Amino acid sequence: MSTLTKGPVMLYTEQTPNPESLKFVTNRMLYPHNTADFREAELAKEWSPLATELFEFPYVKGVYISQNYVTVTKEFNYQWEDIMLKLKEFIKDYVEADKPIVSEGFEEVKAKLDQENLDTYEGDDKEIVTKIKNLIETYVKPAVEMDGGNIEFKSYNEGVVTVIMQGSCSGCPSSTVTLKAGIEGMLQRMVPEVKEVVSEMG
């Protein structure tokens, strides 16, 4: 930890295309390695002290942590103007106190599951899946991350690619358009075997 990171924590919010999700951006690196998506308190309890505490607020439905921001998805029956400041203050204090964000070992567990997923494919399918995953990592993720979301590859079967929408992309009205117009079009051009891309909401 360099002393440079010890200045005051700045925190601002950014709208996302999903009206139920808000991005809380800080000037600290929270989770440099990867992305961590918590859609339920159980998984958070196991792997993220920050997400666990956020889930204690009755209006928090999902927590997505990446790089220098946290995307919080709220329950439908709350308004942002009533809860935004409380969340902002809580995240700022939490980061300032240097408390743990995501537990050690989360990346390894995620990588292991990814590898197991890939190992279930054989021959041509394995090659196609590797290509699809690389394209999603290189082109899709950086674009949706700017909106506080994420897309993970889930499966490939006879030309149909299933992805999981996370963070602000989960349940977002415009994510279907992104999926069909953007991702499906690109994958079909780069990997001719792909016929369709469907999503499961995170």
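The values are calculated or read from the model by the stated rules, or taken from the named source; none is laboratory data. A quick note: this is a predicted structure, and the numbers were derived from the prediction, not measured. Counting neighbours? That spans all protein chains shown, and the Cβs are built from the backbone with ideal geometry, glycine included. Surface areas here come from the heavy atoms of the whole protein model, side chains and all, with no ligands, DNA or RNA. Shrake-Rupley method; radii C 1.70, N 1.55, O 1.52, S 1.80 Å.
Observations on the model:
- From the options D114, D93, residue that is open to solvent by 40 Å² or more (accessible area, probe 1.4 Å), closer than 29 Å to K154 by Cβ and assigned to a helix (DSSP H, G or I): D114
- Residue pairs meeting the criteria (Cβ under 9 Å; at least 6 apart or on separate chains; first of a type in the set (K, R), in segment 145-157; second surrounded by fewer than 22 Cβ atoms within 10 Å (Cβ to Cβ)): K154/N117; K154/T162; K154/I164; K154/S199; K154/E200
- From V197, V140, V163, residue being β-branched (V, I, T), outside any helix (DSSP H, G or I) and either open to solvent by 50 Å² or more (accessible area, probe 1.4 Å) or in contact with a helix residue (DSSP H, G or I) (Cβ under 6 Å, 6 or more places away or on another chain) (or both): V197
- Yes/no for S155 being among the polar types (S, T, N, Q) and within 25 Å of V70 (Cβ to Cβ): no
- Within segment 14-27, the set of residues being open to solvent by less than 40 Å² (accessible area, probe 1.4 Å) and polar (S, T, N, Q) comprises T16, N18, S21, T26.
- Among the residues of segment 115-134, just one is without any contact (Cβ under 8 Å) to a residue 12 or more places away in the chain and in contact with a Phe, Trp or Tyr (Cβ under 9 Å, 6 or more places away or on another chain), namely E127.
Quick grid of which residues meet (1) more than 29 Å from G105 (Cβ to Cβ); (2) surrounded by 17 or more Cβ atoms within 10 Å (Cβ to Cβ); (3) at pLDDT 95 or above:
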residue: E42; (1), (2), (3): no, no, no
residue: P49; (1), (2), (3): no, no, yes
residue: T52; (1), (2), (3): no, yes, yes
residue: V60; (1), (2), (3): no, yes, yes
residue: Q67; (1), (2), (3): no, no, no
residue: T73; (1), (2), (3): no, yes, yes
residue: F76; (1), (2), (3): yes, no, no
residue: I83; (1), (2), (3): yes, yes, yes
residue: K86; (1), (2), (3): yes, no, yes
